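> Sharing a structure below in structure tokens format, with a few things to ask.
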Amino acid sequence: MSSSNSSPSAQSTSPQSPILSLWKAYTQNTSDRLKFIDTFLVFLMASGVIQFLYCVLVTNFPFNAFLAGFASTVGQFVLTASLRSQVNPENRSEFKEVSPERAFADFAIGSIVLHFFVFNFLG
Amino acid sequence: MWSFYTFILLIFGFVSVLDAKSSSGNSVLVILDPARQPDYSIFFNGLKEKGYDLTFRAPKDEAPVLIEDDIPSFAHVILFAPDSKHFGKDVTPQALVQLLSSQTNLLIALGQKQNLVTSLAPEFSLILPPPGSSLVSYFPERKEPPTVVPIDVPSSSKILSSSSSPVWFSGVPFALGNNPLVFPILSAPAEGFAADSEGSTADALFDAADKGGEGLWAGSQLAVAAGFQALGGARATWVGGVELFSDEFAKKEISKGVKSGNQQAAADLAAWTFQESLVLRIDSTTHHLVGTSVPKEHYTTNDVVEYVAQISRFNPSKDKWEPYSGLDDLQLEFTMLDPHIRTALPPVPGSPGKYAVTFRVPDRHGVFKFVVDYKRKGWTHLQSSTTVPVVPPRHDGYPRFLSAAWPYYAGAISTSLGFFLFSAIYLAGDPREGNLRGLRAKSTKAQ
Amino acid sequence: MSTAYPLPTNLSTTTVTNTASLLRIVALGLISAAAIASRLFAVINFESIIHEFDPWFNYRATRVLASQGFYEFWNWFDPTAWYPLGRVVGGTVYPGLMATSGVIYNFLHAFHLPVDIRNICVLLAPGFSALTAWATYMFTKEMKDESAGLLAAAFIGIVPGYISRSVAGSYDNEAIAIFLLMFTFYCWIKALKTGSALFGTLAAVFYFYMVAAWGGYAFITNMIPVHALTLMLMGRFSSRLYVAYCSWYAIGTLSSMQVPFVGFQPVRTSEHMGALGVFGLLQIVAFAQLARSHLSSKQFQNLLTVSVVAMGVVGTFGFIALTYMGWIAPWTGRFYSLWDTGYAKKYIPIIASVSEHQPTAWPSFFMDLQLLIFLFPAGVILCFRELRDEHVFVIIYSVVASYFAGVMVRLMLTLTPVVCVSSAVAFSSLIDTYLDPTQPEGEEESEADSSNGTNTAATPSKKEKAKKPAASTSALNDIVTAATSQSSSKSKSKGIWGLDTRLIVIVNAIGMLSFFVFHCTWVTANAYSSPSVVLASTNPDGSQHIIDDFREAYYWLRQNTPQDAVVMSWWDYGYQIAGMADRPTLVDNNTWNNSKSHIATVGKAMSSSEEVAYPILRKHDVDYVLVIFGGLLGYSGDDINKFLWMVRIAQGVWPDEIQEPNYFTPQGEYRVDDRASSAMKNSLMYKMSYYRFAELFGGNNAMDRVRQQTMPKVGPTLDYLDEAFTSENWIVRIYQVRKEDLLGRDLKSANAFAQGKKKKKSKPVSRRKAIPV
């Protein structure tokens, strides 16, 4: 969520308020369902960060396993994010041909294909 | 009845076994002037006793031919014609070399005259002294002329049996070139030198001293008998003078009561040349993974492989091949363009004739060869090359699941689990959402 | 509204739609049949044989796959290639082609149709070209409409640029790769248009298939990110783009690493970093969009500026640092040579020596594409007019492909699909305009009365015979009506009057299309259908004379040499020797070991004298040496013409022993007659090519037809090789390497002795050595 608020120290106090107001607006405006998707996204991101840190700090020896694990989190993340954007009612105008049900079906197929490749690459 | 016949056969076999035979055939062609034949009767009779079939031919004769239809007619050829100028049409230097390529052994005597033999000698990397010169030595003091020289047989010689009597020699010494296939059997004495017979010895010495000793035809660097092992296995022996084999020298005494060693030396030279002594062969070679006994079609990198060679030596007195474990410097090379592994191939104690070594195949894939290449002067050359591919491990030869990768396994599995949980809960929440939307739509429609 | 020609009025819309679909299906079927049929010239003229060089290796690999199963193929270690290094085929090959043939083979055998694997390999390319036509149809349908799609399918079915790499017998990666290229692009465009992750996943799966099939997959890897980046820069970021790109990238990259030959390259090499960068950028932009929806604009602006700047700085420095530290491999030589055309000749002569890597000459554009090449820019401009997301893709593809096609002849193949698509769009727009039966009403008569005479002459043009002036006067009409500021009535103020105008344009268009067909068929039959293993020429009386020297020589090798005899030749012929003669070779077309050893060693052996070359030959256990010599027949693809490349490549590794200027005359010419330099005359290649050539001409001077030079009366002699075989027209010459001399002499002296020459007398070797003080 918070990406680069460490650098703008030269800014005025306004950087704080965009973040805070962003958080407030977010909690107010998003539906429960989207929040649920977002928790899954956060979990995936955390898992990916852990794997990446392990790879960088400890060893990257079974590089294919690292790539498989990391790619599974990243891939799942983007698929879920896509699902989120497709399900979000605000985006209905963009997705004329994809109903929310179809969106979920696409998400499921994509995830299954992703996991198939991940497990093939893992070992 | 049957037992009687076997008895007869046994007698014959027994009789033939008593004689020392060559490992490569019995037929010998002797090319020499027929008038001189009786002079070498001791030598030739000795050969006949051993079981060789001798065929005599004058140099000018056309028959029997050396090579007929590209097949050599004899197993061995003795060329005792150093004074002949003209030979039959089929006796040419090229033909003699072709004989060697067909596994025919040659025993050739040189002389002072220039003829076919002296023009063939340089091909064998022998450097002959100027024409007309012969070996001259004034030591040890003796009543024979200086051109008749007694030569001691070195005790380290493998070919000449080290009897204590020196050998009478009269003829041409020669120097040996750089070819590794030629080696001296009997070197000239250290006090000997090559000079024109009688009279100009002093001049020769003076000239040589003048040049500072360069190009001097003297000393033990010259040989009077040299052996040459051709790459195909055939042997050729060059002797500087044919008198070494003569009866006269065989009977001449070195000193009171001590017989000369000529007869023995002549027999030894013939034995070596005709593939009786110092003859080895590789019976078989195998290779296999340690732990198995069947050779594999290809090996994987880092396999542990055992290579076994079986080597025999020909025993002339028994006329058969016996396993021989006396080679202590045999080497094995595991080569792909360059030897990647070079190790000793020691004999296995307890198994006569068996040489084995175990080693690890290098970590490099490719087409390798097991190469045994044993060349020692006097012994038969042993060469063996077995080609075997070395392949990298199969895709399932690597360890599949590594313990170092557990966070990744955990991550991947947790992602899949999370996905399933998420979809389950999402779909479970679906009708509620759908109903909600349906309600909302209905309400908006109604309005 | 009036129509130029009568339309039937009693048809319901469903009938029209159904008939249209039926016609489309029939048309696609006919196009597929035409595509397949036009690729069969080689099979009909000669026989069902694998062509060229590379396909022979693919064919061998497929035979292993078909006979021993997939896992044996996957683990196949070929000890007969690159002797004695061997080749790990499983890890150095793109398995897509072989796997496809294997699947088809097993499928047919499951139905008990015993089709030979060779026929499958030969006919695979035409079969897939029919699929390519269909994929192009789908792609162009997204661009414009179905009629354009049909035109594009027809174009790509018969265009020579694509046929050259997909005739029956050309069993190479491009045979299936172009189909996969078009289909991946189609899935990408569809994913972009609909925003569906399903199409994104489908694009990723076909991308994986493409990665498994062809090394040119890097083209897709960079095209799609460039497209996405352009859309973002144009301000057209949308959630659909996000969905499509992310689903394609995540699944596609992961799956592409499954191919062993690709391995970890997608995260390690610079060529793949573009896709990763765009991926990251998309995440940032999507997140920014999300944040924007929750914030006021000013706050958002601040946040955006700060984060973009920070990201950009961090990203650039990170990329530079990683490349510097070696984690990310720098650009490979092959890609450098695409940008700097002189690079390869200086540093990597192997790449420069391949004939397919030479820059394209102008005539080959016309020969391969004929009328498409000038319709192509028109199509691109039409895309500019519409400028939906997919049109941006076509524009980018055209620009990029045009550049690359100009750099390398081989890359004409990637230009061909986009040329077909855009020229189909342009052509179809033209035909649409002129087939459209609506024509404007004659109401302009009253309004245009006040305008000048050209106008009055234009208006009642139902019977007017003016052809193109009709179009131009209608434009003039347009200007005039705008000038008089009369608003147009219900009917259009511009259009095409009359049946005759339409007929003329349509007939002209059909004429051009038939010329196109005629040209394509002629080019295919004459230029691209030769198997290059078998040459054909015409006798004086016009009948065909087959020159089958290659196969004659390869089969001689196969039947007259021991199974493990090693053959040395230049790398061009390695695959063919392995495929047809079935003997181990030293180097072959894979050219993977181009810097050290092997190819340079072979080059050194060919360009050195016999004494220097002989130890190299013995070290590598070479039994036979094979050269191609075209001097008798006039075959210009022989080894003497390629000789300078051998010298250059050897010089790259042994610059002190081999220098290229030594092989030219002092005046700088490349001669092979008596003025040739001594290095040239003593080289093994020269001796092997011209050995006994002078004897053919019965006392006259021999004439080398390719170099057009007269040879000296006395030809070269060979000491270390024996001539083993020369084919009928002297094209292939095989020599046997002599074993070491029996007496340990060097072979030159041994030869001299055998011919009766006497050796010189020499002095004894001095045994004195200097005593170190």
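The values are calculated or read from the model by the stated rules, or taken from the named source; none is laboratory data. Note that the structure is predicted; figures quoted are calculated from it, not measured. Positions of Cβ are generated from backbone atoms using ideal geometry, with glycine treated the same way; all protein chains shown enter the neighbour counts.
> May I ask you to say which residue of B:Ala75, B:Ala63, B:Ala95 is touching a Gly at 6+ places or on another chain (Cβ under 7 Å) and closer than 30 Å to C:Ala752 by Cα? Quick ask: steps written out before the conclusion?
On the way: B:Ala63 fails: touching a Gly at 6+ places or on another chain (Cβ under 7 Å); B:Ala95 fails: touching a Gly at 6+ places or on another chain (Cβ under 7 Å).
It is B:Ala75.
> Specify the residue that is surrounded by the most Cβ atoms within 10 Å (Cβ to Cβ); the eligible residues are those in the stretch B:230-269 that are of a type outside the set (A, V, I, L, M, F, W, C), closer than 17 Å to B:Val153 by Cβ and at pLDDT below 85.
This residue is B:Gly261.
Rundown of residues vs (1) more than 14 Å from chain C (Cβ to nearest Cβ); (2) touching a Ser or Thr at 6+ places or on another chain (Cβ under 8 Å); (3) hydroxyl-bearing (Ser, Thr, Tyr), yes/no style:
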| residue | (1), (2), (3) |
| --- | --- |
| B:Lys318 | yes, no, no |
| B:Pro323 | yes, yes, no |
| B:Gly326 | yes, no, no |
| B:Met336 | no, no, no |
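> Here is a follow-up. Quick one: which strands (runs of 3 or more DSSP E) sit completely within the stretch B:94-159 and have at least 3 residues that are more than 21 Å from the chain's Cα centre (by Cα)?
Working: elements: B:105-109, B:133-136, B:149-151.
Per the criteria, B:133-136, B:149-151.
> Got a sec? Which of C:Gly631, C:Gly603 is touching a residue at least 24 places away in the same chain (Cβ under 8 Å), within 29 Å of C:Glu728 (Cβ to Cβ) and assigned to a loop (DSSP other than H, G, I, E, B)?
Values: C:Gly603 fails: assigned to a loop (DSSP other than H, G, I, E, B).
The match here is C:Gly631.
> Collect the residues in the stretch C:103-119 that are assigned to a helix (DSSP H, G or I) and either among the aromatic types (Phe, Trp, Tyr) or buried (at least 20 other Cβ atoms within 10 Å of the Cβ) (or both), keeping them in residue-number order.
C:Tyr105, C:Phe107
> Which residue out of C:Ser423, C:Ser364 is modelled with pLDDT of 90 or more and not hydrophobic (A, V, I, L, M, F, W, C)?
Details: C:Ser364 fails: modelled with pLDDT of 90 or more.
The match here is C:Ser423.
> Okay, moving on. What are the residues in the stretch C:223-262 that are in contact with a Gly (Cβ under 9 Å, 6 or more places away or on another chain), touching a residue at least 60 places away in the same chain (Cβ under 8 Å) and surrounded by fewer than 23 Cβ atoms within 10 Å (Cβ to Cβ), if any?
Matches in the stretch C:223-262: C:Val226, C:Leu241, C:Val259, C:Pro260, C:Phe261.
> Considering only the stretch B:253-263, I want to know if a residue exists there that is touching a strand residue (DSSP E or B) at 6+ places or on another chain (Cβ under 8 Å), closer than 30 Å to B:Val371 by Cβ and in contact (Cβ under 8 Å) with a residue 12 or more places away in the chain. Write out each step before concluding.
Pass one, the stretch B:253-263, residues touching a strand residue (DSSP E or B) at 6+ places or on another chain (Cβ under 8 Å): B:253-254, B:259-262.
Restricting the remaining residues to those that are closer than 30 Å to B:Val371 by Cβ gives none.
No, the stretch B:253-263 contains no residue that is touching a strand residue (DSSP E or B) at 6+ places or on another chain (Cβ under 8 Å), closer than 30 Å to B:Val371 by Cβ and in contact (Cβ under 8 Å) with a residue 12 or more places away in the chain.
> Answer with yes or no whether C:Gly637 is free of Cβ contacts under 8 Å to residues at least 12 places away in the same chain and either in the same structural domain as C:Ser677 (by TED's automatic domain parsing) or in contact with a Lys or Arg (Cβ under 7 Å, 6 or more places away or on another chain) (or both).
Taking the combined requirement at face value, the residue satisfies it.
> Residues B:Val182, B:Val167: which one is at pLDDT 85 or above, over 17 Å from B:Ser137 (Cα atoms) and touching a helix residue (DSSP H, G or I) at 6+ places or on another chain (Cβ under 8 Å)?
Of the residues listed, the single one that is at pLDDT 85 or above, over 17 Å from B:Ser137 (Cα atoms) and touching a helix residue (DSSP H, G or I) at 6+ places or on another chain (Cβ under 8 Å) is B:Val182.
> So how many residues does the stretch C:594-631 have that are surrounded by fewer than 19 Cβ atoms within 10 Å (Cβ to Cβ), in contact with a Leu (Cβ under 8 Å, 6 or more places away or on another chain) and over 18 Å from C:Tyr83 (Cβ atoms)?
Summing the residues that are surrounded by fewer than 19 Cβ atoms within 10 Å (Cβ to Cβ), in contact with a Leu (Cβ under 8 Å, 6 or more places away or on another chain) and over 18 Å from C:Tyr83 (Cβ atoms) in the stretch C:594-631 gives 1.
> Can you work out which of the residues in the stretch B:111-127 that are among the hydrophobic types (A, V, I, L, M, F, W, C) and more than 8 Å from every other protein chain (Cβ to nearest Cβ) is nearest to B:Asp90 (Cα to Cα)?
Taking the candidates together, the pick is B:Leu116.
> If we scan the stretch C:142-150, do we find a residue that is farther than 30 Å from A:Ala103 by Cβ, touching a residue at least 60 places away in the same chain (Cβ under 8 Å), acidic (Asp, Glu) and away from every other protein chain (no Cβ under 14 Å)?
no
> In the stretch C:74-88, is there at least one residue being under 25 Å from C:Tyr207 (Cα atoms), of a type in the set (Val, Ile, Thr), surrounded by 12 or more Cβ atoms within 10 Å (Cβ to Cβ) and at pLDDT below 85?
Yes: one or more hits.
> When the stretch B:59-86 is examined, which residues are found to be among the hydrophobic types (A, V, I, L, M, F, W, C) and not in a strand (DSSP E or B)?
The answer is B:Ala63, B:Val65, B:Leu66, B:Phe74, B:Ala75, B:Phe80, B:Ala81.
> Looking only at the stretch B:385-405, decide whether some residue is within 14 Å of chain A (Cβ to nearest Cβ), surrounded by 14 or more Cβ atoms within 10 Å (Cβ to Cβ) and assigned to a loop (DSSP other than H, G, I, E, B).
Yes, the stretch B:385-405 contains a residue that is within 14 Å of chain A (Cβ to nearest Cβ), surrounded by 14 or more Cβ atoms within 10 Å (Cβ to Cβ) and assigned to a loop (DSSP other than H, G, I, E, B).
> Is it true that A:Ile37 is over 22 Å from C:Thr194 (Cβ atoms) and either more than 10 Å from chain B (Cβ to nearest Cβ) or surrounded by fewer than 23 Cβ atoms within 10 Å (Cβ to Cβ) (or both)?
Judged against the criteria, A:Ile37 is not a match.
> Continuing with the same structure: Looking at this structure, is B:Ala195 more than 14 Å from chain C (Cβ to nearest Cβ) and either modelled with pLDDT of 85 or more or not in a loop (DSSP other than H, G, I, E, B) (or both)?
yes
> Still on this model: I'm trying to understand the selection: among the residues of the stretch A:40-49, which are within 13 Å of A:Ala81 (Cα to Cα) and at the interface with chain B (Cβ under 9 Å from one of its Cβ atoms)?
The answer is A:Phe40, A:Phe43, A:Leu44.
> Can you give me the ranges of the helices (runs of 4 or more DSSP H) entirely in the stretch C:163-249 with at least 3 residues that are away from chain A (no Cβ under 14 Å), under 19 Å from C:Val285 (Cβ atoms) and not β-branched (Val, Ile, Thr)?
Ranges flagged: C:217-233.
> Can you tell me how many residues in the stretch B:160-171 are touching a Lys or Arg at 6+ places or on another chain (Cβ under 8 Å) and not in a strand (DSSP E or B)?
Of the residues in the stretch B:160-171, 1 are touching a Lys or Arg at 6+ places or on another chain (Cβ under 8 Å) and not in a strand (DSSP E or B).
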